[in-house]
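Below: one structure, written as structure tokens.
We did not get these values from a lab; they are worked out from the coordinates using the rules stated. What you see is a predicted model; the values in this text were computed from it and never measured. Ideal geometry is used to build each Cβ from the backbone, glycine not excepted, and the neighbour counts take in all protein chains shown.
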Amino acid sequence: MQRGGATLSEVYQSAKKRHATTSSAWNVLLRSLVGREKRHHSDPIPLRLRRCQIPMRSLEEVNNQHYQIHYSKFRMMEAKERAELLGRAELENANAVGEAILSTIHGQRDRLKSAHRKALDVLNTVGISNSVLRLIERRNRGDQWIKYAGKLLTIIFLIAFVLWRH
């Protein structure tokens, strides 16, 4: 979380350093004024300086509280971003698995096509007539229609089930 080119911790450290230099300057001023004044006049000046130190301490407490609030917000934002990135990584992983499955299915399809062609060649060489081969192919197409109709009915059933559950 950056504001004006500095991170939150850098701003906090800078404020802490400024507070330390200011409080040391107050202490130096207090000692020098007490040393210069006579004993009977020295009481009001340290009291005034101590009264000024009280707001300095409260400013330090406010600064610490402000830092803690913003630091916790920063940590929560960081955790949220980390969770989003993790979700994206899981999604990319699932996508990669899906692509791998589709590529293996495509390879199997090619192998099945070549096996089908080889089977038809073998049947031709054995001497089965063309009418029997056409009958086998027609049966194969009918089986494919049944297969696709079954897939479609399954998808419709799943969609209806999901809609019914919600």
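Things worth noting here:
- Of interest is the spacing of the C-alpha centroids, which for region 151-166 and region 64-125 amounts to 25 Å.
- Furthest towards positive pole of dipole, ALA94, GLY127, ALA6, structure part the chain, Cβ charges: ALA6
- Zero-based 10 Å bins, Cα pair distances in the chain, whole percents: 7, 14, 14, 12, 9, 8, 8, 8, 7, 6, 4, 3, 1, 0
- Report summary: the helix-based calculation at 222 nm, which adds -39500 (n - 2.57) for every DSSP H run with n ≥ 4 and divides by the residues of the chain, gives -33500 deg cm²/dmol.
- C-alpha long axis of helix 130-165 to longest principal axis of the chain, angle in °: 30 degrees
- Cβ-Cβ FRET estimate between THR22 and SER72, R0 fixed at 30 Å, reported to 0.05: 0.70
- Among LEU29, LEU91, sorting on how many other beta-carbon atoms sit within 10 Å of each Cβ, with the fewest leading, yields LEU91, LEU29.
- For the chain, the Cβ-based charge dipole about the Cα centre amounts to some 380 debye (Lys, Arg positive; Asp, Glu negative; other atoms uncharged).
- Taken over region 72-166, the alpha-carbon convex hull comes to 97 cubic angstrom per residue.
- Cross-link partners of LYS151 among aspartates and glutamates, defined as those whose alpha carbon lies under 18 angstrom from its own and excluding same-chain residues fewer than eight positions apart: ASP143.
- Neighbour net charge for GLU84 - beta-carbon separation under 12 angstrom, K R +1, D E -1: 0
- Taking Cα atoms only, the orientation of helix 44-126 departs from the longest principal axis of the chain by about 10 degrees.
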